[in-house]
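First the structure, in the form of structure tokens, and then the observations on it.
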Amino acid sequence: METFEKIHFLRRMIQIRIFEEKLTEYKLNRKINGPLHCCIGQEAVSVGVCSALSDNDYIVGNHRSHGYMIAKGANINLLIAEIFGKNTGTNGGKGGSMHVNDTSVGGLGSSAIVGSGIPIACGAAFASMYKDKGNIACAFFGDGAVNEGVFSECLNLASIWKLPVLFILENNGFAVTTALDDVSFTSELYHRGEPYGIKSVQVDGQDVEEVYNATKDAVTSIKHGNGAVFIEAKTYRFHEHQEGAAYARMADVGYRNKQELAYWIDQKDPIKLYKDKLIDKGLITNSEVESIYSEEGIKIDKAIEFANESPFPDNSEAYQNIFIK
Ligand SMILES: Cc1ncc(C[n+]2csc(CCOP(=O)(O)OP(=O)(O)O)c2C)c(N)n1
């Protein structure tokens, strides 16, 4: 991998982190309507996976999709405008944070319905195969989706039809406040792809290069016609399930222990780990990292300004883009 690619990985992860930290402030100051689910702590998965995809490969997200869309190259002005409910947003301001999308970079949409992106990605993969387009579809989902029937149905179909689909499971150990160990016979969730004859691998989701390399191998295999691949990325969510929700504040003292959270934040922050690695290898200096932070911060501030200055959708637009005539 070239040095410029490595620095790009670092920059992208920093961009996602600043994007979500700034929006969290807005949410806590009640300046964003609707929920805001952040992927802070999980940025290496978004960046590692999306950097291994081509521009014309599809992605389908879920309720926690800012990172995927940014990593795939979505326009941050339009993403923030969407989260602010403004008519310049990616969905005309009607979707908000849980539905961010950018079709120009292969986004097929994000949805709040847990697991619902998995069949959509399979459908897109089928269409691509049927039309001989050569691209793949990638579904992102969390450990909460794995115990849903749709997961099993889709893996079975993907296997039997050899669909060009990549399943990316971000296993952060919790579905809201439900610990994985309380609801799954194994916490090694990549095993759940094996009964379907799907190549299934586990990666350290805090290591952006490991995620990237595994995804690159998977994409190569899928594009050679070998069918679906299932990647489980072990990761951890540093913030609560969503920003500022009353139950999230309660959960903060309940469902996970503070030492565990502190360990992940101190020892397993994907940005800190990668920054230290690049500095140790002499590929970047501390002051260059500082410059990345300030450049990306300025970009996000400008995107927020753009979103703030954009109008809300007009009432007359309420029923637009809902029904197909
Ligand atoms: C079908 C469905 N069931 C329940 C919910 C409520 N819900 C929203 S997010 C969530 C947890 C999802 O956990 P996971 O899939 O692990 O993703 P994470 O939030 O950890 O990123 C639940 C249960 C929902 N939105 N959709």
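Distance between the modelled labels on Thr177 and Asp301, one decimal in nanometres: 3.8 nm (7 Å Cα→Cβ projection). From most to least packed by mean Cβ count within 10 Å, the peptides 20-31, 152-163 give 152-163, 20-31. Reducing the range 104-175 and the range 251-292 to their Cα centroids gives an inter-centroid distance of 30 Å.
Distances between placed amide hydrogens fall under 5 Å for Cys138 paired with Tyr58, Ile59, Val60, Leu166, all partners being 5 or more residues away or on another chain. Gain on full extension, evaluated as 0.36 nm per residue between Asp132 and Asn257 minus their Cα-Cα distance, stands at 40.1 nm.
FRET efficiency for the Lys277 to Ser316 pair, using the beta carbon distance and R₀ = 56 Å, is estimated at 0.60. Remark: spin-label model distance Asn75-Thr285 equals 3.7 nm, labels positioned 7 Å along the Cα→Cβ axis. Sorting 256-263, 299-306, 209-216, 64-71 by average packing, meaning the other beta carbons within 10 Å per residue, from highest down gives 64-71, 209-216, 299-306, 256-263.
Laboratory data are not the source of any read-out in this text; all were calculated from the coordinates shown. These numbers come from a predicted model, not from an experiment. FYI the Cβ positions are ideal-geometry reconstructions off the backbone, even for glycines, and counts take in every protein chain you see.
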